[in-house]
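The values are calculated or read from the model by the stated rules, or taken from the named source; none is laboratory data. Everything quoted here is computed from the prediction, not taken from an experiment. All Cβ positions, glycine included, derive from the backbone under ideal geometry; neighbour counts span all protein chains shown.
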Amino acid sequence: MYYIASCSFGKDSLAMILRLIEENKPLDEVVFYDTGMEFEAIYKVRNKILPLLAEKGIKYTELKPYRPFMYDMLEKPIESKQKGKHNGYGWCGGVCRWGTMFKQKALDEYAEKKNAIVYIGIAYDEPKRLEKEIKPYKTHPLVDWEMTEGDCLTYCYSKGFDWVESGIDLYSILDRVSCWCCCNKNKKELYNIWRYLPQYWERLKKLQSKIDRPMKNFKINNMAFMVMCLIWKKYLKKVRGNNVHSNRSSKDVFGKQTDSFEMDKQWKNQGGQGCQSLPNTERGN
């Protein structure tokens with residue numbers, strides 16, 4: 001039997017891998033699906049554990065989106081019943097978790113080709129997520145060990161891992177260290193990004209200037225968050241007054257320091273096509 005661990009390098013999946021290794025459980029391969037939109041702290045954790053995987057003879061594999069995430073988000077020609085013809089899926093999250101769908105499809109296809117048993121890092125106190133797991137080849141060690149999300153974080157810290165970025169541990173200000181552009185982020189998380197991670201806040205602002213749908217539409221009942229929202233609304237009014245939707249190019253999302261947007265450059269370095277030349281096809285077609 002072949003055993004794969006699906007890992008995002010967040011606290012739960014990392015704790016799962018570290019304990020699987022500690023208890024000498026069968027583990028042949030660790031698979032990470034890299035959207036290119038992760039926090040830098042995630043990549044630092046990945047780089048820190050790679051030597052341990054190599055030492056234990058565990059294969060490491062990275063899967064990539066068929067097309068760059070930013071292309072699908074902003075530029076891919078789309079036709080839907082609700083909005084007709086438009087460009088890009090827009091924000092990923094809520095009822096439109098297109099990025100998650102692509103990720104899950106890629107991971108499942110990879111595991112099924114290998115006829116593998118897959119370890120999934122769902123914590124003991126996440127019963128709703130567990131209910132959605134119906135594939136018979138998936139197993140959940142954290143549930144078997146009764147490790148909660150808090151237990152997983154404490155365990156990772158005890159093993160010398162953290163998610164420090166810009167001088168602050170991401171798990172002290174975010175509930176989940178998912179993609180920085182995930183629109184499932186709540187008020188507290190967005191406020192903390194605005195306050196502690198201004199580089200990501202600027203990226204979110206630039207993305208919002210190119211997407212019709214607001215990332216969030218909160219009822220404001222907190223003074224600090226109200227100030228943040230007023231700043232956001234002022235910014236939206238400014239950019240939308242400049243007819244931003246006539247130009248949906250994603251090339252300036254990552255700032256003036258790049259000639260073309262960062263994801264496209266990374267994709268080309270990996271041998272992929274430039275975003276402007278990508279065909280309008282679904283994954284694998």
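Brief remarks follow.
- Number of the condition not met by G94 [criteria: (1) under 23 Å from the mean Cα position of the chain (by Cα); (2) modelled with pLDDT of 90 or more; (3) among the small types (G, A, S)]: (2)
- Filtered residues of the stretch 139-159 (kept if without any contact (Cβ under 8 Å) to a residue 24 or more places away in the chain and over 15 Å from Y171 (Cβ atoms)): T139, H140, V143, D144, E146
- Hits in the stretch 99-109 (condition: crowded, with 18+ Cβ neighbours inside 10 Å and within 15 Å of C182 (Cβ to Cβ)): G99, F102, K103
- The stretch 170-183 residues that are free of Cβ contacts under 8 Å to residues at least 40 places away in the same chain and within 17 Å of Y157 (Cβ to Cβ), paired with ones that are of a type in the set (S, T, Y) and surrounded by fewer than 22 Cβ atoms within 10 Å (Cβ to Cβ) (beta carbon under 6 Å, 6 or more apart): I173/Y196
- The residues of the stretch 51-69 that are among the hydrophobic types (A, V, I, L, M, F, W, C) and either over 19 Å from M16 (Cβ atoms) or surrounded by 13 or more Cβ atoms within 10 Å (Cβ to Cβ) (or both), listed by number, are L52, L53, I58, L63, F69.
- Top-ranked residue of the stretch 24-72 - restricted to ones that are out of contact with any strand residue (DSSP E or B) (no Cβ under 8 Å at 6 or more places or on another chain) and small (G, A, S), ranked as farthest from C156 (Cα to Cα): G36
- Boolean, G90 is under 20 Å from D162 (Cα atoms), crowded, with 20+ Cβ neighbours inside 10 Å and not acidic (D, E): no
- Remark: V30 matches the filter, which requires a residue to be among the β-branched types (V, I, T) and either within 21 Å of K105 (Cβ to Cβ) or part of a loop (DSSP other than H, G, I, E, B) (or both).
- Which listed residue is within 30 Å of R19 (Cα to Cα), among the charged types (D, E, K, R) and modelled with pLDDT of 95 or more, from K185, K159: K159
- Among (1) touching a helix residue (DSSP H, G or I) at 6+ places or on another chain (Cβ under 8 Å); (2) under 25 Å from R213 (Cβ atoms); (3) in contact (Cβ under 8 Å) with a residue 24 or more places away in the chain, the one test that Y89 misses: (3)
- When the stretch 143-162 is filtered for residues that are part of a helix (DSSP H, G or I), of a type outside the set (S, T, Y) and surrounded by 14 or more Cβ atoms within 10 Å (Cβ to Cβ), the ones remaining, listed by number, are V143, E149, D151, C152, L153, C156.
- Test: D72 is without any contact (Cβ under 8 Å) to a residue 60 or more places away in the chain, buried (at least 19 other Cβ atoms within 10 Å of the Cβ) and either touching a helix residue (DSSP H, G or I) at 6+ places or on another chain (Cβ under 8 Å) or among the aliphatic types (A, V, I, L, M) (or both): yes
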